[in-house]
Amino acid sequence: MRTVMRNLLNWCPVAEDLRCEVEAALAGEDPLVLRRAGHRLVAALLHGGELVRVRVSGREGPPLFARPGHATLFDLGAFTEPIESDDRVGLVAVPLRSQDEPAGATPGGAWVPAPGGPDLNAPERLMQAMERAQALQASSEAGGGIPRVLQEILFMLEPDLPGLALYLELHPPLEPDADLERVFAGDTGVRPFWAATRGVGEAIWIADERELPPPLRARLEGRVAGSVLAVPFLTPPSLEEGEPGPVREAGLLYLLVPAERDHRQMLQLGRRVARFVTHGWQQRTLMNRLMHTDPLTGVRNRAFFDSQFDFELDRARRRGSTVALLLADIDHFKAINDQYGHPAGDRVLKAVARELLAGLRRIDLVCRVGGEEFALVLPDTLPAAVIEIVSRLQVRVANLRLADPAAAEPIRLTVSCGGAVFPGGGDTLDELYRRADEMLYLSKQRGRNRCHLWNPDGDPILTLPRYQAP
């Protein structure tokens, strides 16, 4: 145990106050003090993400842990065993941290003194909580949207909030498309009286089940044994282009509170949970932006396209609507790279991606799926509208004039496109992609700078850019 603790101190970043405590325990001879210091050290490192669990195929016994990106494994089995009881102050887990805590505090306030003897299962529970948090961070946002992300955060929290249940009501435009167990849209019809009189940012105690929003009341089915606390939670600051955007109320977090719980303490806890949900939302957004964004052009990448398009197909089936898939390929891109160099090619890719984004709606999706190939996903778009959109996009790209030091005159660009629309163009991503790719090849073959749209009733629909269009 001493060797492991010394290695952790040497190899992992540790808060100064915790480091002093662990070093003092290592210098002493009291085994109980040493074990408690070890528990605090391991809990703080897990909470801060400095240690992650490693699964070794075929190995049994205590779990192994490692620093992210390092090969050294730590057997922390001794730190998950119960601490012997004595007359000293025990330790209890505090899984949440208030934003009011001073900077530099031990991450998460992992362990604090409390009377009543030690919590024997606290170290193992905290490790399990950290593993759930890591699993949440590693899961993909694509295909589920923000509502499903928020539900995952609620499910992650509940095991560490015994006796409580969490539900989330989302304000427009964040309403879930699917029927989720813990996340629902606010009922725009019948609303409780307090919903009309509550001020923005105010929390509400609800003692009568009849005063719950109808969607929540339907989910609970008379299972309210105490009272319900409704706490507002906020959108995270927008980090588009590195600038924080406006923060607003995103919805209400409902906590089902047993009757014996102190209202003041539960209100404090509710607000901390709401902050945790907002923070988790922000971290998932940032992480998924890194995972699913093409670093050169700033649009979504192929991995995001593959998962998100299936989600759009499911939504179109449920709604009985359409979704269009367009493939756009930059004409003569290899010649640009060969003649002017790869830096010029990179500038071309960025410029085309920027024009595609600027010419589409916020609900549309632009993904870079190949070297110079982009996939455009257009929900709720009929074939006639696709024709108008393609012509507009091709005009935007053709109007580009890109200066380059190696070019005597500005570089001019065009794009060829091919498309298919669900449901007539196919029922699966593979079918739609194959037909859109066939149409793209046809556009290349017949002269470039044009689009062919798959037509289930006959010959492909040809679209040429209308340069004189207003």
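Summed over the range 398-433, residues that are more than 20 Å from ARG450 (Cβ to Cβ) and surrounded by fewer than 16 Cβ atoms within 10 Å (Cβ to Cβ) total 14. One residue is enough: does the range 355-373 have a residue meeting the conditions in a helix (DSSP H, G or I), free of Cβ contacts under 8 Å to residues at least 12 places away in the same chain and more than 19 Å from ASP437 (Cα to Cα)? No.
Looking at GLU158, GLU169, just one residue is in a helix (DSSP H, G or I) and modelled with pLDDT of 80 or more, and that residue is GLU158.
Within the range 176-197, the set of residues being in a loop (DSSP other than H, G, I, E, B) and either crowded, with 17+ Cβ neighbours inside 10 Å or not assigned by TED's automatic domain parsing to the domain that holds LEU269 (or both) comprises PRO176, LEU180, ARG182, GLY186, PRO192.
The values are calculated or read from the model by the stated rules, or taken from the named source; none is laboratory data. Just so you know, these numbers come straight off a predicted model, no measurement behind them. Backbone-built Cβ (ideal geometry, glycine too); neighbour counts: all protein chains shown.
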